Amino acid sequence: MTTKGYSVPIAGVAVAVVVVWGLTFLSTKVAVASLSPMMLALLRFVVATLFMPPIAWLSRVPLRVHLRDVPLLAASGFIGITLYFFFENNGILRLSASESSIIIGTIPVLTLIVDMAFYRRRLSGPVVAGILLSFLGVALIVVRSEAAKASPGGYLYMVGAAATWVIYTFMTKPLGG
């Protein structure tokens, strides 16, 4: 059975990915109550480092890196991983998991704006309307939030997380191959 070109199993996997991604904000909120934000980030990547080689081996994906790519990988890792999780975990510590996820959910919109500003990408009317609605929705949530008054720093951390991820996205474009 297919729905608009997608098979039901693929749609189910997509929904599962979205649910797991959404739960990461809740689990991070719980974890930063016991661990420092950077210790949590370190532990997260220690676990990933342990699992990645066996998964790559089983799926026959080579983990080779060209020497010329090492400086860009290091810089993008620092910005897109270390700084991103510094900002995100500190933001989640100060805000609710749902507010944090909504702000991080603006990353695709911010990426489009940067793409438009720096790479002269032309956006259609509906895309521009979507960008405006997205920011309006986030602004309404922030204005109505008690955390905005109690912890404006939490919002600044989350904006920092979104900004570093956008930078990371553009930094890693040359590594796509």
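Compare the Cα positions of 127, 105, 137 along the charge dipole of segment 88-153 (+1 at Cβ of Lys, Arg; -1 at Cβ of Asp, Glu; about the Cα centre) and return the one farthest towards the positive end.
So the residue furthest toward the plus end is 127.
Is the shape of segment 39-90 best called rounded, prolate or oblate, per the rule: a/c under 1.5 gives rounded, else a/b larger than b/c gives prolate, else oblate, with a ≥ b ≥ c the square roots of the Cα gyration tensor eigenvalues?
On the way: a/c = 3.43, a/b = 1.29, b/c = 2.65.
Here segment 39-90 falls in the oblate category.
Could you tell me which of rounded, prolate or oblate describes segment 92-134, using a ≥ b ≥ c as the square roots of the eigenvalues of the alpha-carbon gyration tensor, with rounded for a/c under 1.5 and, failing that, prolate when a/b is larger than b/c and oblate otherwise? It would help to have the intermediate numbers written out before the result.
Numbers: a/c = 5.14, a/b = 2.15, b/c = 2.39.
It is oblate, given that a/c is not under 1.5 and a/b is not larger than b/c.
With +1 assigned to the C-beta of every Lys and Arg and -1 to the C-beta of every Asp and Glu, and no other charges, what is the dipole magnitude of segment 57-164 about the Cα centre in debye, to the nearest 20? Intermediate results must be reported in sequence, preceding the final value.
Details: 9 positive and 5 negative charges, 65 e Å.
In debye, rounded to 20, segment 57-164 gives about 320.
Quick one: accessible area per residue over segment 94-134, 1.4 Å probe, rounded to a whole number of Å²?
60 Å²
Given the -39500 (n - 2.57) contribution per DSSP H run of 4+ residues, what per-residue ellipticity at 222 nm results for the chain, rounded to the nearest 500 deg cm²/dmol? Please report the intermediate quantities before stating the final value.
On the way: 9 runs with 131 residues, N = 177.
Value at 222 nm, helices only: -24000 deg cm²/dmol.
Quick one: plug the Kirkwood hydrodynamic radius of the chain (C-alpha pairs) into Stokes-Einstein at 4 °C, 1.567 mPa s, and report D in µm²/s.
Details: Rh = 18.4 Å.
Here the translational diffusion coefficient equals 70 µm²/s.
Springs between alpha-carbon atoms under 10 Å, Gaussian network over the chain: tell me which of 120, 64, 44 tops the mean-square fluctuations.
So, out of 120, 64, 44, the one fluctuating most is 64.
Given q = 0.14, 0.18, 0.22 Å⁻¹, what are the Debye log10 I(q)/I(0) values for segment 1-101, with equal point scatterers placed on the Cα positions and solvent ignored?
Debye output, listed in q order: -0.79, -1.05, -1.14.
The values are calculated or read from the model by the stated rules, or taken from the named source; none is laboratory data. These figures come from a predicted structure and were not determined experimentally. For neighbour counting, all protein chains shown are included, and Cβ atoms are generated from backbone atoms with ideal geometry for every residue, glycine included. What goes into the accessible areas is simple: the full protein's heavy atoms, side chains included, and nothing from ligands, DNA or RNA. Shrake-Rupley method; radii C 1.70, N 1.55, O 1.52, S 1.80 Å.
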